[in-house]
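*Asks:* The structure that follows is given in the form of structure tokens.
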Amino acid sequence: MIPVKGFEGKRVAVFGLGRTGLTAARALLAGGATVALWDEKPTAREAALAEGFEVVDLGSADWTQFDALMQSPGVPLTHPQPHWTVTKAKAAGVEVLGDIELFARTVNAAPDHKRPKIVAITGTNGKSTTTALIGHILTSAGKDARIGGNIGLGVLGLDDMHGGAVYVLEVSSYQLDLTSSLKPNVSIILNITPDHLDRHGGMEGYVAAKRRVLLNQGVGDTAIVGVDDSWCQRICTEITAANRRTIWPVSAGRAMGRGVYVLQGVLYDATGDRVVEVVDLTNAKSLPGRHNWQNAAAAYGAVRALGVSVEDAAEGLMTFPGLVHRMETVAVSDGVRFVNDSKATNADAARQAMSSYPRFFWIAGGVPKSGGIEPLTDLFGRVAKAYLVGEAADAFATTLDGKAEMARCNSVQDAAAAAFDDAKQEAARTGREAVVLLSPACASFDQFPDFEARGEAFRAAVLGLIG
């Protein structure tokens, strides 16, 4: 745990008692603050009481007694409208912040010799893979890397800091909205495509939230920006003009005069005086597809900025075991490969997996995002059959009508069973491996608490099917 500094003797309200909220409450308490916890779910309040926390109804509390509100990132800050806790806090002049901001202030308060390095990764897609990949390379190279934030442990639940540590943090747009003091040694914006627009008031608000990862960087820091989409191209141009930090653009499809790029699967380093051919990523079994090449280029740039050698970085890329729930092969049986891509919660993320297979049996659905699966129309010819689940099933069926064979299923488990039956028959008929792909292009909240639970349900169903 990282005890929070700067709130000694102060009283902090904590709203939202999931992983982030409870971890922050423990860290605030360890740092000398007093905390008052609240959640609208009775079970969450009971869990906090069982742990010995003070639970206070923030709806009727006197907000003048609080010095800050530690807000869960899942709670609306500004759009579609501010959550009632935010309204009450602002009316009382109480600062609203998140766990990443508590971490940032704690780091900034540490003396130089105890201050760790920070790598912060954001973007619409690929954040988790890139975060895990950077952590793997650093650990393989003998560095003390701690991985967390929006992946794995909440940042304040990681081991306490020291000068030799490197914190590798996935940061979402929700978390960045609640952060103002973070100063990463390396910031990464992988890509930006429309997502979470309801929470940010539109595309400009979403982009502004992502840009906050660059907010406090200066001379000696490194910004790595993917330039394969127009939004990130604009950001890269603007921060290059500002000329306050080292900037390395990355691309998964075109050569550049400077930066890190991948051409036909080969990663090139153009950050120095000459272009260096680093490694052939087509041999990296856990990094298939162009989207993973962008992740690899960004990860390579990050670890090089932290002093990892070209050789160690290349070896780390090749030995990366992959990320759970992101194009993860769960099993191969009866000529059928089962791929768990539950992390694909929007159409753009699903595109990355769908583009990696020439033909597949597709399990999709859940809570649809804006635009549904219309952006994937060009890939429908690869769909052997679609198995539609959840709230999106009817809308997806309308989009797929006449373009792909499909079936409606009651659950992910039913879809896995139906897809297995059909895929086995195709594999036996063609003599080629068939792919059953869970890549929902939807949020999971209609049937599961999160994409991890959805992926685990798929895994359990697959293992049950193959015995």
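The values are calculated or read from the model by the stated rules, or taken from the named source; none is laboratory data. Bear in mind the structure is a predicted one, so any value in this text is a computation, not a measurement. Quick reminder, even Gly has a Cβ in these numbers, built from the backbone with ideal geometry, and neighbours come from all protein chains shown. Heads up: the accessible areas ignore ligands, DNA and RNA and are worked out on the full protein's heavy atoms, side chains in. Shrake-Rupley method; radii C 1.70, N 1.55, O 1.52, S 1.80 Å.
*Asks:* Those residues that are at pLDDT below 95 and open to solvent by 50 Å² or more (accessible area, probe 1.4 Å), I need them from the stretch 142-158; list them, please.
*Replies:* Selection gives ASN150, GLY152, LEU153.
*Asks:* Here's something else I'd like to know. Is it true that PHE361 is touching a residue at least 24 places away in the same chain (Cβ under 8 Å), buried (at least 16 other Cβ atoms within 10 Å of the Cβ), aromatic (Phe, Trp, Tyr) and part of a helix (DSSP H, G or I)?
*Replies:* No.
*Asks:* Inside the stretch 224-234, can you point out the residues that are out of contact with any helix residue (DSSP H, G or I) (no Cβ under 6 Å at 6 or more places or on another chain) and open to solvent by less than 20 Å² (accessible area, probe 1.4 Å)? Steps first, answer last, please.
*Replies:* Taking the stretch 224-234 first, the residues out of contact with any helix residue (DSSP H, G or I) (no Cβ under 6 Å at 6 or more places or on another chain) are 228-230, 232-234.
If the condition is that a residue be out of contact with any helix residue (DSSP H, G or I) (no Cβ under 6 Å at 6 or more places or on another chain) and open to solvent by less than 20 Å² (accessible area, probe 1.4 Å), then CYS232 is the only one that fits.
*Asks:* Out of the residues in the stretch 403-431 that are in a helix (DSSP H, G or I) and among the basic types (Lys, Arg), state the one that is farthest from GLY455 (Cα to Cα).
*Replies:* ARG429
*Asks:* Answer yes or no: is there a residue in the stretch 289-302 that is among the charged types (D, E, K, R) and open to solvent by less than 50 Å² (accessible area, probe 1.4 Å). Break it down into steps so the answer makes sense when it comes.
*Replies:* Pass one, the stretch 289-302, residues among the charged types (D, E, K, R): 290.
Of the ones still in play, those that are also open to solvent by less than 50 Å² (accessible area, probe 1.4 Å) are none.
Scanning the stretch 289-302 turns up no residue that is among the charged types (D, E, K, R) and open to solvent by less than 50 Å² (accessible area, probe 1.4 Å).
*Asks:* Residue check, GLY32 against (1) within 19 Å of ILE100 (Cβ to Cβ); (2) open to solvent by 10 Å² or more (accessible area, probe 1.4 Å); (3) not polar (S, T, N, Q), all met but one. Which one?
*Replies:* Among (1) within 19 Å of ILE100 (Cβ to Cβ); (2) open to solvent by 10 Å² or more (accessible area, probe 1.4 Å); (3) not polar (S, T, N, Q), the lone unmet condition for GLY32 is (1).
*Asks:* Then there's this: Check the stretch 8-22 and report whether any residue there is without any contact (Cβ under 8 Å) to a residue 12 or more places away in the chain, open to solvent by 30 Å² or more (accessible area, probe 1.4 Å) and out of contact with any strand residue (DSSP E or B) (no Cβ under 6 Å at 6 or more places or on another chain). Steps first, please.
*Replies:* In the first step, residues of the stretch 8-22 are kept if they are without any contact (Cβ under 8 Å) to a residue 12 or more places away in the chain; the result is none.
So far as the stretch 8-22 goes, no, none of its residues is without any contact (Cβ under 8 Å) to a residue 12 or more places away in the chain, open to solvent by 30 Å² or more (accessible area, probe 1.4 Å) and out of contact with any strand residue (DSSP E or B) (no Cβ under 6 Å at 6 or more places or on another chain).
*Asks:* Just to be sure before I move on: is THR124 within 24 Å of the chain's Cα centre (by Cα), surrounded by 17 or more Cβ atoms within 10 Å (Cβ to Cβ), in a helix (DSSP H, G or I) and modelled with pLDDT under 95 in the structure I sent?
*Replies:* Taking the combined requirement at face value, the residue does not satisfy it.
*Asks:* So, in the stretch 241-250, of the ones that are farther than 16 Å from THR124 by Cβ and open to solvent by less than 50 Å² (accessible area, probe 1.4 Å), which residue ends up farthest from the chain's Cα centre (by Cα)?
*Replies:* Taking the candidates together, the pick is ARG245.
*Asks:* Hey, can you tell me all the residues within the stretch 303-314 that are farther than 11 Å from VAL278 by Cα and crowded, with 24+ Cβ neighbours inside 10 Å?
*Replies:* VAL303
*Asks:* Still on this structure, please answer the following. Regarding the stretch 45-62, can at least one residue be identified that is within 26 Å of the chain's Cα centre (by Cα) and either open to solvent by less than 60 Å² (accessible area, probe 1.4 Å) or within 30 Å of GLY205 (Cβ to Cβ) (or both)?
*Replies:* No: the stretch 45-62 contains no residue that is within 26 Å of the chain's Cα centre (by Cα) and either open to solvent by less than 60 Å² (accessible area, probe 1.4 Å) or within 30 Å of GLY205 (Cβ to Cβ) (or both).
*Asks:* Still on this model: Going through THR139, THR106 one at a time, which residue ends up being open to solvent by 10 Å² or more (accessible area, probe 1.4 Å) and either under 27 Å from GLY21 (Cβ atoms) or more than 19 Å from the chain's Cα centre (by Cα) (or both)?
*Replies:* THR139
*Asks:* While we're here: VAL276 passes all but one of (1) open to solvent by less than 60 Å² (accessible area, probe 1.4 Å); (2) touching a strand residue (DSSP E or B) at 6+ places or on another chain (Cβ under 8 Å); (3) among the hydrophobic types (A, V, I, L, M, F, W, C); (4) farther than 26 Å from PRO321 by Cβ; which number fails?
*Replies:* Just one mismatch for VAL276, condition (4).
*Asks:* Quick check on my filter: what residues within the stretch 415-467 are modelled with pLDDT of 95 or more, within 20 Å of the chain's Cα centre (by Cα) and not hydrophobic (A, V, I, L, M, F, W, C)?
*Replies:* SER439, PRO440, ARG454, GLY455, GLU456
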